[in-house]
Amino acid sequence: MTTLIVTLLVLVAIGFVSWRAIQGLDGEQKRAIKDRAVGVFDWAEARGYFRRAPAFESDYHAEYPELRLLENDYATVRKECQELLGMKERITDVEALGGGYTRRFSSGSPTSTPRSSPSSSRTNTSHRTSATTRASSAITWV
């Protein structure tokens, strides 16, 4: 047990010292260290020490059997999506459902819609709640 604790303390100390040393390096030196670390993983993968993770899973039906149904009905799903795009002006605008709340966050700045008073904050909250309820019931209907 003592050996395990000492080993862990040594590893933590080495990690801390390495972390502090890397902080003082410039970008090019940090990139070189990163490239060496990637090289170690490439070397291990090439020698079969662990399986290379694919960019895209191709054998996923065992884990996600529902996707087979989606793939088999691709033509139908595509046709339905095209029909929806054809009537997009009749589909509820999500931004309108949320009022200023969604506009505020979709613009990227949470402070772009100022609150003028505490009462406006309560109004916005009740509006968001009712809009969320309407959106939830619309989703349930679909």
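The values are calculated or read from the model by the stated rules, or taken from the named source; none is laboratory data. Everything quoted here is computed from the prediction, not taken from an experiment. Because the Cβ atoms are built from the backbone with ideal geometry, glycine has one as well, and the counts that use them run over all protein chains shown. In case anyone asks, the SASA skips ligands and DNA or RNA and just uses the protein heavy atoms, side chains included. Shrake-Rupley method; radii C 1.70, N 1.55, O 1.52, S 1.80 Å.
Does Thr102 qualify as being among the hydroxyl-bearing types (Ser, Thr, Tyr), open to solvent by 60 Å² or more (accessible area, probe 1.4 Å) and at pLDDT below 90? When the stated conditions are applied, Thr102 does not pass them.
Yes/no per residue for (1) within 24 Å of the chain's Cα centre (by Cα); (2) modelled with pLDDT under 90; (3) at positive phi; (4) not acidic (Asp, Glu):
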{"residue": "Asp35", "(1), (2), (3), (4)": "no, no, no, no"}
{"residue": "Glu45", "(1), (2), (3), (4)": "no, yes, no, no"}
{"residue": "Phe50", "(1), (2), (3), (4)": "no, yes, no, yes"}
{"residue": "Ala53", "(1), (2), (3), (4)": "yes, yes, no, yes"}
{"residue": "Glu57", "(1), (2), (3), (4)": "yes, yes, no, no"}
{"residue": "His61", "(1), (2), (3), (4)": "yes, yes, no, yes"}
{"residue": "Asp73", "(1), (2), (3), (4)": "no, no, no, no"}
{"residue": "Arg78", "(1), (2), (3), (4)": "no, no, no, yes"}
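Residue-level analysis places Tyr60 among those that are touching a helix residue (DSSP H, G or I) at 6+ places or on another chain (Cβ under 8 Å) and among the aromatic types (Phe, Trp, Tyr). In this structure, Glu66 does not satisfy being over 30 Å from Cys81 (Cβ atoms), of a type in the set (Asp, Glu) and without any contact (Cβ under 8 Å) to a residue 24 or more places away in the chain. Of the conditions (1) more than 30 Å from Val77 (Cβ to Cβ); (2) open to solvent by 80 Å² or more (accessible area, probe 1.4 Å), Glu57 fails just one. Which one is it? Only one criterion in (1) more than 30 Å from Val77 (Cβ to Cβ); (2) open to solvent by 80 Å² or more (accessible area, probe 1.4 Å) is unmet by Glu57, namely (1). Scanning region 4-19 for residues that are open to solvent by 90 Å² or more (accessible area, probe 1.4 Å) and modelled with pLDDT of 90 or more yields Leu4, Leu8, Leu9, Leu11, Val12, Ile14, Phe16, Val17. When Thr111 is tested against (1) assigned to a helix (DSSP H, G or I); (2) open to solvent by 100 Å² or more (accessible area, probe 1.4 Å); (3) modelled with pLDDT under 90, just one condition goes unmet, and that condition is (1).
Picking from residues in region 29-74 that are assigned to a loop (DSSP other than H, G, I, E, B) and in contact with a Leu (Cβ under 8 Å, 6 or more places away or on another chain), the one that is nearest to Ser18 (Cα to Cα) is Tyr60.
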